[in-house]
Amino acid sequence: GAVVSQHPSRVICKSGTSVKIECRSLDFQATTMFWYRQFPKQSLMLMATSNEGSKATYEQGVEKDKFLINHASLTLSTLTVTSAHPEDSSFYICSARVGGQNGELFFGEGSRLTVL
Amino acid sequence: GNSVTQMEGPVTLSEEAFLTINCTYTATGYPSLFWYVQYPGEGLQLLLKATKADDKGSNKGFEATYRKETTSFHLEKGSVQVSDSAVYFCALRGGGNKLTFGTGTQLKVEL
């Protein structure tokens with residue numbers, strides 16, 4: 001199947017700094033990617049839908065100025081957590097869709113962010 | 001809104017035991033239903049799916065039947081292996097083509 005890769009897999013940063021997480025589709029082009037956040041023992045929560053060449057669509061309650069999403073190419077979407085705080089510590093997962101609206105989703109390995 | 005409820009884990013079984021992981025959902029319309037599996041250190045992978053009522057999804061010995069009358073999509077396997085140890089997520093895709101996930105159930109299979 002298609003491969004989606006995230007980098008870094010783990011990152012620790014100081015409070016107030018910004019962190020960028022990359023999501024790449026390695027063997028296919030993805031016009032749409034999705035960013036999720038997962039808290040311990042909770043389900044994956046969709047944060048935003050990233051569309052190549054246009055602005056991301058954020059879910060209700062997600063601060064767009066806090067979580068900047070850029071999808072500048074068909075194989076790369078980035079999530080930047082700006083001015084990170086300890087409560088932003090979480091597991092962030094991206095996925096990319098192959099095919100049209102009903103296409104299958106392929107997920108990255110996830111990135112664990114710890115803000116000190 | 002849409003929601004998915006799955007049994008809490010961890011579920012610990014001996015090899016060759018029968019597995020059931022319960023999943024129920026709430027949704028408007030006719031959602032598609034999925035089971036994803038996440039092996040240690042890897043991303044979520046689609047395990048099986050069903051797109052309409054009474055459909056049975058199956059893969060790698062796992063099965064789940066879309067039951068509209070009970071709004072359920074329970075995952076079953078007749079004989080688990082140590083290599084099945086993973087976290088299993090039930091999910092639905094409804095209007096807007098967005099996936100709604102359950103909380104995940106960790107399965108541990110011991111020799």
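Inter-chain Cβ neighbour count for A:37-43, averaged per residue, equals 4 (cutoff 10 Å, partner chain atoms only). How much net charge surrounds A:F107 when only other residues with a Cβ under 15 Å from its Cβ are counted (Lys, Arg +1; Asp, Glu -1)? So the surrounding residues net to +2.
Going by a ≥ b ≥ c, the root eigenvalues of the Cα gyration tensor, does the protein assembly as shown fall in the rounded group (a/c under 1.5), the prolate group (a/b larger than b/c) or the oblate group? Display every interim value, and only then the final one.
Numbers: a/c = 1.86, a/b = 1.48, b/c = 1.26.
Since a/c reaches 1.5 and a/b is larger than b/c, the shape of the protein assembly as shown is classed as prolate.
Taking all Cα pairs closer than 8 Å and separated by 6 or more residues, the relative contact order of the stretch B:1-99 comes to 34 percent.
Under the rule a/c < 1.5 gives rounded, and otherwise a/b versus b/c splits prolate from oblate, where does the stretch A:1-47 land using the Cα gyration tensor? Intermediate results must be reported in sequence, preceding the final value.
Details: a/c = 2.19, a/b = 1.43, b/c = 1.53.
Oblate is the answer for the stretch A:1-47, as a/c is 1.5 or above yet b/c matches or exceeds a/b.
The distance separating the Cα centre of the stretch A:45-75 from that of the stretch B:39-111 comes to 27 Å. With the alpha-carbon atoms of chain A aligned to their principal axes, the span from lowest to highest coordinate is 39, 25, 23 Å, starting with the largest.
Values quoted throughout were computed directly from the atomic coordinates according to the rules given, and no laboratory measurement underlies them. From a predicted model like this one, the values you see are computed outputs, not experimental measurements. Counting neighbours? That spans all protein chains shown, and the Cβs are built from the backbone with ideal geometry, glycine included.
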